[in-house]
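Visitor: Quick one: structure below, then a few questions.
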Amino acid sequence: MTSAPFKLQRMPRDACGTCGHERQMIGRARDRPQISYWPRLANDVRDKSERLCEPRTSKFRVKPRMLRQSTLVNLNRGVIAMAPAPQPLFILSPPRSFSSVVCAMLGQHPQCYGLPELQLFFGDTLGDLENPNFLDQTIRSGLLRAFAQLHDGEQTEDSVIRARQWMKGRSNWPVRKVFDHIQELVGPRILVEKSPATTFRRDYLGRLLRTFPNAHLLHLIRHPRATGESVMSLRAAHEALQRVANARQNITKWDPERTWRVCHTIAVTVTNDLPLGQCMRLKGEAMLSNLEFYLPQVCEWLGIRADAEAVEAMMHPENSPYAKPGPRSAQFGNDPNFLENPAIDRERLAKLKEPRLAGELSWRPGEMFTPETLRLARQFGYQ
């Protein structure tokens, strides 16, 4: 959707009697349904312009409010320009598909901001994310950490408590309004987010596209054998995950092969009808084994810098504020293995190889991949 141009109307040069500051009227932004905070930003700038005209002896104390980076202001010259917020980038993949490290790498680009797993597309409002089960901490950790970091500049028990209270007070906020608030805090950088659970159900991914119909989508793929073995290794290291997976009603549902097939089938089905260029499908093994080749291509696709300095910044995902465990009440928000060791080993990644599709499955002795899985994997170029 193309937004109407933002118009400025200059008022006559009737200077303020107090400080001589030239007043100006800011035109309202129209036809911008995709950026709900836009008119509010315009009002913020107008308010700030008017407050500059307050007498210096005034006892009225205005709490300072930082202008968003998406607003370029030159009050002395009477010029105000606003750039629309960029479309976010969502990484689509099942669990254990390199999404944590790829999201953190892209998020370190000077024109991007990498988020933890927000898990926002489970419902229509912030209140829909309330989940009383024992996985509640895992599901909500990323969102709590993001608000703690963006509101308070730190991730501590106190800042997480304040983030939780802030969320409770806004349980009726639509998902889009939550994202707009985050974009407002981050400025004009591209938000990069990955929540593997978004691909668990078609309605989750459908909600994403209804909320952001023009978002960039990176469909990230990993070989089904390597994905399954990585899932089983993670479960073995975390008792809670193992209990869920081993429950009688979940043995088939949470089988790694089935999860891989269902998630990728949903991603392919939903993205097939999108305009050419909106979605990029990429093998994780190929990307990570040749970062100097693939990272500039992703940048060009997103329309951002692809120079050596930007690529080098992306080589350090460990610099992300979400690349380590959070406070005890919000420890996760990313893959546990990534949180323990976020730095990339270029030599090891350069030797990354794809396993074979043929052969017995380590987590299901005596069995092999189903024909449906083999068909989809070969469609992705695996052998």
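Visitor: State all residues of the stretch 276-305 that are surrounded by fewer than 19 Cβ atoms within 10 Å (Cβ to Cβ), of a type in the set (D, E, K, R) and part of a helix (DSSP H, G or I); if no residue qualifies, say none.
Guide: Listed by number, the residues that qualify are GLU292, GLU300.
Visitor: Restricting attention to the stretch 267-274, does a residue exist that is of a type in the set (A, V, I, L, M, F, W, C), at pLDDT 95 or above and over 19 Å from PRO95 (Cα atoms)?
Guide: yes
Visitor: If a residue has to be within 25 Å of ASN272 (Cα to Cα) and not in a helix (DSSP H, G or I) to count, how many in the stretch 197-239 make the cut?
Guide: Counting residues in the stretch 197-239 that are within 25 Å of ASN272 (Cα to Cα) and not in a helix (DSSP H, G or I) gives 14.
Visitor: OK, next. Every residue in the stretch 335-345 that is loosely packed, with under 13 Cβ neighbours inside 10 Å and part of a helix (DSSP H, G or I), please.
Guide: GLU340
Visitor: Quick check, is PRO327 out of contact with any Asp or Glu (no Cβ under 7 Å at 6 or more places or on another chain) and not polar (S, T, N, Q)?
Guide: Values: out of contact with any Asp or Glu (no Cβ under 7 Å at 6 or more places or on another chain): no; not polar (S, T, N, Q): yes.
So PRO327 does not fit the description; no.
Visitor: Now for a separate question. Could you list, in sequence order, the residues of the stretch 183-214 that are in contact (Cβ under 8 Å) with a residue 12 or more places away in the chain, out of contact with any Cys (no Cβ under 8 Å at 6 or more places or on another chain) and acidic (Asp, Glu)?
Guide: GLU184
Visitor: Here's a follow-up. Name, by its number, the condition in (1) under 20 Å from the mean Cα position of the chain (by Cα); (2) in a loop (DSSP other than H, G, I, E, B); (3) at pLDDT 95 or above that does not hold for PHE332.
Guide: All conditions pass for PHE332, except number (3).
Visitor: Which of the following residues is over 25 Å from ALA197 (Cβ atoms), free of Cβ contacts under 8 Å to residues at least 24 places away in the same chain and not in a loop (DSSP other than H, G, I, E, B): ARG348, ARG375? Steps first, answer last, please.
Guide: Numbers: ARG375 fails: over 25 Å from ALA197 (Cβ atoms).
Every option except ARG348 fails the conditions.
Visitor: Six or more apart or on different chains, Cβ under 8 Å: which pairs go from a residue in the stretch 113-124 that's outside any loop (DSSP other than H, G, I, E, B) to one that's at pLDDT below 95 and acidic (Asp, Glu)? Could you list them?
Guide: From residues that are outside any loop (DSSP other than H, G, I, E, B), the pairs are PHE122/ASP128.
Visitor: Got a sec? Which of GLU318, GLU354, GLU367, GLU372 is surrounded by 15 or more Cβ atoms within 10 Å (Cβ to Cβ), of a type outside the set (A, V, I, L, M) and over 30 Å from ARG164 (Cα atoms)? Please lay out each step first, then the result.
Guide: On the way: GLU318 fails: over 30 Å from ARG164 (Cα atoms); GLU367 fails: surrounded by 15 or more Cβ atoms within 10 Å (Cβ to Cβ); GLU372 fails: surrounded by 15 or more Cβ atoms within 10 Å (Cβ to Cβ).
Going through GLU318, GLU354, GLU367, GLU372 in turn, the sole match is GLU354.
Visitor: Pull up the stretch 241-266, narrow it to residues that are closer than 24 Å to PHE332 by Cα and aliphatic (A, V, I, L, M), then point me to the one that is modelled with the highest pLDDT.
Guide: The residue in question is LEU241.
Visitor: Sort out which residues of the stretch 145-196 are surrounded by fewer than 21 Cβ atoms within 10 Å (Cβ to Cβ), of a type in the set (Asp, Glu) and not in a helix (DSSP H, G or I), and write them in order of number.
Guide: GLU154
Visitor: Here's something else I'd like to know. With the requirement that a residue be in contact with a helix residue (DSSP H, G or I) (Cβ under 6 Å, 6 or more places away or on another chain) and among the β-branched types (Val, Ile, Thr), what does the stretch 253-285 give you?
Guide: ILE266, VAL270
Visitor: Tally time: how many residues in the stretch 96-144 are at pLDDT below 95, buried (at least 20 other Cβ atoms within 10 Å of the Cβ) and charged (D, E, K, R)?
Guide: Residues flagged as at pLDDT below 95, buried (at least 20 other Cβ atoms within 10 Å of the Cβ) and charged (D, E, K, R) within the stretch 96-144 amount to 2.
The values are calculated or read from the model by the stated rules, or taken from the named source; none is laboratory data. The structure displayed is predicted, hence computed values, not measured ones. Because the Cβ atoms are built from the backbone with ideal geometry, glycine has one as well, and the counts that use them run over all protein chains shown.
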